[in-house]
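A short worksheet on the structure shown next.
None of the figures in this text is laboratory data; all of them are computed from the coordinates on show. If you're wondering where the values come from, they're calculated on a predicted model, not measured in any experiment. When we count neighbours, we look across all protein chains shown, and the Cβ atoms used for this are built from the backbone with ideal geometry, even at glycine.
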């Protein structure tokens, strides 16, 4: 459990600080169709779910090489797996899909910050907290944070691709803690996934806080907040000495 003096606050990235507009599922479907595949959501959504599940498991039980080369190969294999689930094996189709996917995901405005993010980061930084991101993300985490305009707020940006472990494995949390030199009992991690974010942080000795923006999360044995304004209130109640 965290002590009464919180010194560092870590965040997940996707659906904690930012979201995609249109959603990832819609962008994926659009990329497949623009690559010439006559597919619908009834085919794509289940296939995408299977691919994401397999991707999430890697790095939880066993480590993987934390290199940009491996990360790129891993992304390509995810594309191949999705296409296989949809009944396509042709590498030219995969190449067209990859090009369309990259073009859609890098459009201006596709990645958006929630309205409460910048005010909360400004306040936390002004109060003297060490800030970091811990995310199951690819090698482009720093680039994406720079694109969102939030990289300057953080003392460390930790992606699973940089560490070779994925949340909820404690190693990714331990890596981030070592980067800021803060003991786990003096750190909290905020995220939207109970297993990956809360349970993972707890396993590393941190306090895990569940961010439930929709109000639909089941009851959880941890602090639960609806927005980042509530995080500031929670920290104040903890008496962090700031």
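Based solely on its DSSP helices, what 222 nm [θ] is calculated for the chain when runs of n ≥ 4 H residues each add -39,500 (n - 2.57) and the sum is averaged over all residues, nearest 500 deg cm²/dmol?
That comes out to -13500 deg cm²/dmol.
Pick from 214, 156, 106 the residue whose mean-square fluctuation is largest in a GNM of the chain, springs joining Cα atoms under 10 Å. Evaluated over the chain, the most mobile residue of the options is 214.
Extension gain residue 85-residue 185, at 0.36 nm per residue separation less the Cα-Cα distance, in nm? Numbers along the way, then the final one.
On the way: separation 100, 0.36 × 100 = 36.00 nm, distance 4.37 nm.
Answer, rounded to one decimal: 31.6 nm.
Taken along the Cα-to-beta-carbon direction at a fixed 7 Å, the label points for residue 212 and residue 72 span 4.3 nm. Taking the C-alpha atoms only, the angle from helix 91-105 to the longest principal axis of the chain is near 40 degrees. Quick check: the distance between the Cα centres of the stretch 201-234 and the stretch 1-71, to the nearest angstrom? Between the Cα centres of the stretch 201-234 and the stretch 1-71 lies a distance of 20 Å.
How high is the relative contact order of the stretch 137-242? Use alpha-carbon pairs under 8 Å, at least six apart in sequence, and give a whole percent.
16 percent
Over the stretch 22-105, Cα pairs under 8 Å with separation of 6+ residues give a relative contact order of 49 percent.
Counting 0.36 nm for each residue step from residue 219 to residue 238 and taking away their Cα separation leaves a gain of 4.7 nm.
If I stretch the segment between residue 142 and residue 33 completely, what's the gain in nm (0.36 nm per residue apart, minus their alpha carbon distance), one decimal?
The span from residue 142 to residue 33 would gain 36.3 nm if fully extended.
Applying the Kirkwood pairwise sum to the alpha-carbon positions of the chain produces a hydrodynamic radius of 18.8 angstrom.
Under the classification rounded if a/c is under 1.5, otherwise prolate if a/b is larger than b/c and oblate if not, where does the stretch 59-107 fall, given a ≥ b ≥ c as square roots of the Cα gyration tensor eigenvalues? It comes out oblate by the Cα gyration axes. The alpha-carbon positions of the stretch 51-147 define a convex hull whose volume is 143 Å³ per residue. Of the residues 66, 41, 218, the one that moves most in a GNM of the chain with alpha-carbon contacts below 10 Å is 218. Largest GNM mean-square fluctuation among 188, 198, 39, using the chain with Cα springs under 10 Å: 39. Shape class of the stretch 108-167 from the Cα gyration tensor (axes a ≥ b ≥ c, square roots of the eigenvalues): oblate, since a/c reaches 1.5 or more and a/b does not exceed b/c. Ranked by the mean number of other Cβ atoms within 10 Å of their residues, highest first, the peptides 119-130, 158-169 fall in the order 158-169, 119-130. Using all pairs of distinct alpha-carbon atoms, the Kirkwood hydrodynamic radius of the stretch 22-105 works out to 13.4 angstrom. Measuring nothing but how far apart in sequence close Cα pairs (under 8 Å, 6+ apart) lie, relative to its length, the chain scores a relative contact order of 29 percent.
If R0 equals 51 Å, the separation of the Cβ atoms of residue 99 and residue 226 corresponds to a calculated FRET efficiency of about 0.85.
May I ask what percent, to the nearest 5, of DSSP beta bridges between residues of the chain are antiparallel?
Of those bridges, close to 15 percent are antiparallel.
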